[in-house]
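Before any comments, here is the structure.
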Amino acid sequence: MRRTSFVVTLLVTVLISILAVPASAAKAGPLVRAAAASPTLSVSSNLTNRRYVAAGDRAYDLGSEDGRYPAMGFHTRGEMGGIWTPPIKLLDGIWFGINGQWIGPATSFTSGFGYAQMALPTTGSNRLKITRTDFAPDGRRAVEFGLTLTASNSAPFELNVDAHSELMDAYPWGFTTPNQLDFNLPDTAAFNGKQLVFQENGTPPVANAMPHSWAAVVGATGLTPASGTTGSAFRGPQDPPVICPASGADIFRCDDTGFGKGAGGELTYKLMLHAKTSMTVWFTVAGSDQGLAAAQTEYQAASANPAAELQAKVTSRLALDSQTRVSLPGDPALAAAVTWSKQDMADLTQQADNLSIRRTEQGTVYPPPAGTLPSIRFEGAGFPDYPWMFATDQEYTMFALLAAGQFATAENGLRSLAAASDIANNKSGKVVHETVTDGSVYFGLNDEPGDIDETAKFPNAVAMVWRWTGDSSFRDEMYDFSKRNMEYMVNLTASDDDVWPDGSGNVEAPGLGEDKVDVAVYTIRGLLDLADMAASKGDTATVNFALSNAKTMESAFQDAWWMPSIPQYADSLKDPANSQLMQRWWIGVTPIEAELYKDGVQQPGLAPKADALQALALRETSCYSGTYGMYVEGAPGCDPGTWPNKAQVAYTLNTGVMAVGLGNYGLLGPTDQQRYTDALAQLQIGSVEEQPGAMPEIGPSPDFKANVDQPFNERSSLNQAWGTYGVLWPVVHQQLGVDPQLGHGLLEVLPSVPPNQSTVSGSAIRIGTGTIDVTAMHSGNTWTTTMTSSGLACTLHVGATLPAGSTVQSVTLNGTPVAYQVRDTNSGRQVLVSTACGSTAQVKIVAS
């Protein structure tokens, strides 16, 4: 279950402009050149029922792939789509027509790097061929729409533009107290000769609400409308609208809901296009929560040269793609998923300014702000219903961000999460679960039971960033908060009858015991990570505190949690006797998925190998896993457990955790890790889900229909960041074996080539201020790793991870016999040579 929140004092302006760019040589035009530079994925079936997002870090556009804007989302029913600049919504949608005939629906949809594109049907008397390109330039509170029109014959024509506003804050939601029926005020509309101007002014009739003055402006750059009209309608082909109720029974697809209080308008432009020539017409939607003048500034900047903005957008995304380039000849689907996961994380990189931190107590109150933050920048959880800041999503996605070289997003997200938590929780050390882009904290306060696993995971996230970047200043910045995280967790055990912190973890479900297995696992890991950072700072007291508590918990873990008769780890322990409960939740895999860093040595998995292998084998059965991954809660029938319930729903996070767990124990083959990574890849790059290239929140499952078959207001996220964990981490960290510990001046590269494959490679993998290229090969009894580094000064341990029990016969470094070390881990037998970073090192191992 997800939790969310929202705020109230905002002033917004939206501007929609048109910049007409004649381009008789359109094929060489900047729009086409920019799009041509990007890899693409396309789909042409069922576009009416597929959602898409075109996102920047300050604005995004959510609609359906036929070019329409159905009402969508459930936090405020039907209002989560359209055009947004967090923390406010600007428009329900924008629609285009020719000579009074609305264009569309689209015949195909394409995802590119940083943009979406639709092929629209031929329209008008001069038979205009039309392509629509949507994108949101980074750093701008704007979304831009390019229509490339190519005429079959010469004729004047009218271009019609409808816009319907819905000036609305991201919080409150439809089911909170107060809700948007109380909070949302009516919009007004006017035509000033060049623009449509929408406004919402006033103070919601709610205690502690603040006055706001929001505005939306629709205009043309480079074109002057021949006419403009306003009113309550103007939704293009979606007039008259189908209205869903604000609550109660829903319908499959509607155009607005009972929460809507927007206004509409239409602009008409008279244009001429000669036969066999083309024109690109740009529309810009811009906005601000700081007033009309600020919105005009955003509009002027974004609309000045949209083609150049698109070129810059694609160029920046290609730069991200140039990092962590992988070649997996034996698993091309996974390689493609790596490519698109990097883009997915960039789409969800978000920023919001001027936050008022409110403690909403799960949406039951709307108090005065506890404090303010000037800005947060973070990895959003998912569109359309989770575009704000979640701790658990940040912490799992952090692994993927590091593997992809997107270090700044990882660091900024952790900074933002710590800052919001300290205000909301009075520096207790507890991490808040969910913070909306207006600053409302929905869940995770001191007086709430969860989700405390997020507090335990935070020091690990900081330590992993420090290890990958070598950024000791970031470690120092986050160190005090990380200490308070683990002090908070340990203090939860002070008055308890055991060593496990009581509280909710990742699974928020009734019937679980007071102690949760993921909380226990991540507390042990967090203490070890804190000890590692403390040792690097010479903080002996904190080292002793962390190691002593970790040792106590780790020594008690196996007896407390392992259930050999199942065989699985208990999901939870029930007071007063710490009775083991096994309800088949996915969190039972966390003892296998978590990596520990002990005494400077990476330990994949907390679980003993023999037990882990039994547990993983059971999780691979049909009760626990299906076509698209591991279920959130397995079903009875494959084990002797007595729990009767099930939730066979394949969340991409659960599947990612399973993939990582299998990798930790050396199970990389087609029936093991590859089964789960390829399930994620199929969801992301195939036609099973909605937007090609977007990692969804949930895959089709026995207990969850595909999103395209569900009402638009009841779907899971069309893209969700956390699934990228199960794509990038298995490839970069486990198969390519990249394990930086730059905080200690060490880099280890110990690849594990999957069975039935001969080669895996990666290039331009960011490590600290440099990069590395890795190629790993396995043929018969020979393993060869070639690693080239640049811009790094560190000790290098390079070699390979062989099957457990392998007998090493010879090891060479760059063709010369060399001394080596053997290290047995849960993932296999690691054979490594110590040398220096900064050049090419090739290690060849012959073993039997």
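The values are calculated or read from the model by the stated rules, or taken from the named source; none is laboratory data. Note that the coordinates shown come from a computational prediction; the quantities given were computed from them, not determined experimentally. When we count neighbours, we look across all protein chains shown, and the Cβ atoms used for this are built from the backbone with ideal geometry, even at glycine. Calculation scope for accessible area: heavy atoms of the full protein, side chains included, ligands and nucleic acids excluded. Shrake-Rupley method; radii C 1.70, N 1.55, O 1.52, S 1.80 Å.
Would you please name the residue that is least open to solvent (accessible area, probe 1.4 Å), looking only at residues in segment 565-584 that are within 17 Å of ALA635 (Cβ to Cβ) and in a strand (DSSP E or B)?
The selected residue is GLN568.
Given the criterion in contact (Cβ under 8 Å) with a residue 12 or more places away in the chain, in a loop (DSSP other than H, G, I, E, B) and among the small types (Gly, Ala, Ser), identify the matching residue among GLY723, GLY641.
Every option except GLY641 fails the conditions.
I'm trying to understand the selection: among the residues of segment 109-129, which are in a loop (DSSP other than H, G, I, E, B) and under 21 Å from the mean Cα position of the chain (by Cα)?
Selection gives PHE113, GLY114.
Kindly evaluate LEU792 against the criterion of being at pLDDT 95 or above and not in a strand (DSSP E or B).
Yes.
Taking the condition at pLDDT 95 or above, open to solvent by less than 10 Å² (accessible area, probe 1.4 Å), of a type outside the set (Phe, Trp, Tyr) and part of a helix (DSSP H, G or I), does LEU320 pass?
For LEU320, the condition - at pLDDT 95 or above, open to solvent by less than 10 Å² (accessible area, probe 1.4 Å), of a type outside the set (Phe, Trp, Tyr) and part of a helix (DSSP H, G or I) - is not met.
Of all residues in segment 274-299, how many are over 19 Å from LEU196 (Cα atoms) and touching a Pro at 6+ places or on another chain (Cβ under 9 Å)?
Final tally of qualifying residues: 4.
Just the residues that are under 14 Å from the mean Cα position of the chain (by Cα) and either open to solvent by 10 Å² or more (accessible area, probe 1.4 Å) or modelled with pLDDT under 95 (or both), please, taken from segment 327-345.
TRP340
Based on this model, can you work out whether VAL760 counts as outside any strand (DSSP E or B) and either in contact (Cβ under 8 Å) with a residue 40 or more places away in the chain or open to solvent by 20 Å² or more (accessible area, probe 1.4 Å) (or both)?
no
Taking the stated definitions as given, is SER752 in a loop (DSSP other than H, G, I, E, B), closer than 21 Å to ARG325 by Cβ, in contact with a strand residue (DSSP E or B) (Cβ under 9 Å, 6 or more places away or on another chain) and among the hydroxyl-bearing types (Ser, Thr, Tyr)?
Yes; evaluated as a whole, the condition is true for this residue.
Would you confirm whether any residue within segment 530-553 is closer than 29 Å to GLU620 by Cα, among the charged types (D, E, K, R) and touching a residue at least 24 places away in the same chain (Cβ under 8 Å)?
no
Being assigned to a loop (DSSP other than H, G, I, E, B) and either aliphatic (A, V, I, L, M) or at pLDDT below 95 (or both) is the filter here, so list the residues in segment 130-156 that pass it.
ALA136, ARG141, ALA151, SER152, ASN153, SER154, listed by residue number.
Please count how many residues of segment 826-848 are under 16 Å from LEU746 (Cβ atoms) and either out of contact with any Ser or Thr (no Cβ under 7 Å at 6 or more places or on another chain) or outside any strand (DSSP E or B) (or both).
Of the residues in that region, 5 qualify.
Which members of segment 419-452 meet the condition of being open to solvent by less than 10 Å² (accessible area, probe 1.4 Å) and either among the aromatic types (Phe, Trp, Tyr) or part of a helix (DSSP H, G or I) (or both)?
The answer is ALA420, SER421, ALA424, PHE443.
Of everything in segment 792-848, what is within 38 Å of the chain's Cα centre (by Cα), under 26 Å from THR771 (Cα atoms) and of a type in the set (Ser, Thr, Tyr)? Give them in sequence order.
Across segment 792-848, the qualifying residues are THR795, THR801, SER827, SER834, THR835, SER839, THR840.
Out of VAL285, VAL314, VAL281, I need the residue that is part of a strand (DSSP E or B) and farther than 21 Å from GLN101 by Cα. Which one?
Exactly one residue qualifies, and that residue is VAL285.
Given the conditions (1) more than 30 Å from PHE474 (Cβ to Cβ); (2) touching a helix residue (DSSP H, G or I) at 6+ places or on another chain (Cβ under 9 Å); (3) open to solvent by 20 Å² or more (accessible area, probe 1.4 Å), and given that SER848 satisfies all but one, which numbered condition is not satisfied?
Going through (1) more than 30 Å from PHE474 (Cβ to Cβ); (2) touching a helix residue (DSSP H, G or I) at 6+ places or on another chain (Cβ under 9 Å); (3) open to solvent by 20 Å² or more (accessible area, probe 1.4 Å) one by one, SER848 breaks only (2).
Could you run through segment 682-706 and say how many residues are closer than 11 Å to ALA650 by Cβ, assigned to a loop (DSSP other than H, G, I, E, B) and within 16 Å of the chain's Cα centre (by Cα)?
Adding up the residues that qualify gives 2.
Consider LEU223 against the criteria (1) touching a Gly at 6+ places or on another chain (Cβ under 9 Å); (2) part of a loop (DSSP other than H, G, I, E, B); (3) open to solvent by less than 40 Å² (accessible area, probe 1.4 Å); (4) under 22 Å from GLN101 (Cβ atoms): it satisfies all of them except one. Which criterion is unmet?
(1)
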